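The values are calculated or read from the model by the stated rules, or taken from the named source; none is laboratory data. Note that the structure is a prediction, hence the values are computed from the model and not measured. Note that we place each Cβ from the backbone using ideal geometry, even for glycine, and neighbour counts take in every protein chain shown. Heavy atoms of the whole protein, side chains included, go into the accessibility calculation; ligands, DNA and RNA do not. Shrake-Rupley method; radii C 1.70, N 1.55, O 1.52, S 1.80 Å.
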Amino acid sequence: MVLVIDSSSAETGLAVLSAGRVVAESRLPSQRDGELAKAVRRLSSPQDLTAVAVGLGPGSFTGLRLGASYGVGLALGLSLPLLGFGSLELQLARARRKTIAVVEAGRGRLYWLRAGPGEVAAVGTPVQLPAGWPLVGWLRPSTQQAVTEAGRSQLPEAELRTFGEGAGRVLEGAQELTYDTVRLRYMQSLGRSQP
């Protein structure tokens, strides 16, 4: 079973998958480090895990560090393979139609990734987001309000795949990492070519 952790957003998504199928999943407010370990224990026994996958961002500086460090420590402690995936790509995988994935970037900005040919990743304010497609992603209430005021719509959770279902799709292309080479993507690295 693979434990998936993405703490890049306003919420942390957790899922346990077995052969690509969701066994259990949970969401909790990000940046609550003590809650992460408890939530993982509620989903699965560490002895049942065969791998750990962590979101590499872009996203919240503190949130990414909490989720990735917990995932790396767990994988290292249990001698399990460690996998990495893009947080925006996971949000895109939750959508059933063309959309723009968004993640909090701080200071009223969003990281975003438009689906489709020539995928484009960028950072900007809600008014700078491309028009025409709805958004998918977990946002803080103040950011959600700014997105709405900018005339952008967000797909409701009921129309999306669950976090676990999206994780199952994105793990097909996840990269295997070594414990000492985990590179998180923050704003300063977003403009560079991403793997």
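Condition test on Ala53, is it in contact (Cβ under 8 Å) with a residue 60 or more places away in the chain and either touching a helix residue (DSSP H, G or I) at 6+ places or on another chain (Cβ under 7 Å) or in a strand (DSSP E or B) (or both)?
Answer is yes for this residue.
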Does Ala68 satisfy the condition of being outside any strand (DSSP E or B), out of contact with any Gly (no Cβ under 9 Å at 6 or more places or on another chain), open to solvent by less than 50 Å² (accessible area, probe 1.4 Å) and closer than 26 Å to Glu157 by Cβ?
no
Looking only at the stretch 14-32, how many residues end up being at pLDDT below 95 and either buried (at least 16 other Cβ atoms within 10 Å of the Cβ) or polar (S, T, N, Q) (or both)?
3
For the stretch 74-88, give me each residue that is without any contact (Cβ under 8 Å) to a residue 40 or more places away in the chain and open to solvent by 40 Å² or more (accessible area, probe 1.4 Å).
Gly77, Leu78, Ser79
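Just the residues that are open to solvent by less than 20 Å² (accessible area, probe 1.4 Å) and either assigned to a strand (DSSP E or B) or touching a Gly at 6+ places or on another chain (Cβ under 8 Å) (or both), please, taken from the stretch 89-104.
Residues of the stretch 89-104 open to solvent by less than 20 Å² (accessible area, probe 1.4 Å): 90-91, 93-95, 99-104.
Within the stretch 89-104, Leu90, Gln91, Ala93, Arg94, Ile100, Ala101, Val102, Val103, Glu104 qualify.
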Just to check your reading of the model, which residue among Glu89, Glu104, Glu25 is among the acidic types (Asp, Glu) and under 10 Å from the mean Cα position of the chain (by Cα)?
Glu89
Taking the condition part of a loop (DSSP other than H, G, I, E, B), surrounded by fewer than 18 Cβ atoms within 10 Å (Cβ to Cβ) and either on the phi > 0 side of the Ramachandran plot or in contact with a Cys (Cβ under 8 Å, 6 or more places away or on another chain) (or both), does Gly132 pass?
yes
Taking the stretch 144-195 and the residues there that are among the basic types (Lys, Arg) and not in a helix (DSSP H, G or I), the one that is modelled with the lowest pLDDT would be Arg192
